[in-house]
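Report on the structure given below.
The values are calculated or read from the model by the stated rules, or taken from the named source; none is laboratory data. All of these numbers come straight from a predicted model, not from anything done at the bench. Neighbour counts run over all protein chains shown; Cβ positions are idealised from the backbone, glycine included.
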């Protein structure tokens, strides 16, 4: 799961509740920590999510964010938790 906002977090939670292994990434470290508390595997990049997964779901807020996640051209640093 790439993107752990309201929708991404809910999807990751439901997948783990139904017994699926979920690997996740978000540019906001605090959102990843919240998902890890649900039993989700934290990854350091979208590429790591792809390597750990058979299927990758992307839930981000803009076309630019999709492009960043898919091409690997990410911001150089994660944003702090809000």
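Things to note:
- Entry remark, the stretch 52-68: residues being in a helix (DSSP H, G or I), modelled with pLDDT under 95 and either surrounded by 13 or more Cβ atoms within 10 Å (Cβ to Cβ) or touching a strand residue (DSSP E or B) at 6+ places or on another chain (Cβ under 9 Å) (or both) number 3 in total.
- Residue check for residue 4: in contact with a helix residue (DSSP H, G or I) (Cβ under 8 Å, 6 or more places away or on another chain), surrounded by fewer than 18 Cβ atoms within 10 Å (Cβ to Cβ) and without any contact (Cβ under 8 Å) to a residue 60 or more places away in the chain: no
- Identity of the residue in the stretch 1-46, in a strand (DSSP E or B) and over 17 Å from residue 65 (Cβ atoms), that ends up farthest from the chain's Cα centre (by Cα): 41
- None of 42, 23 is at pLDDT 95 or above and buried (at least 18 other Cβ atoms within 10 Å of the Cβ) except 23.
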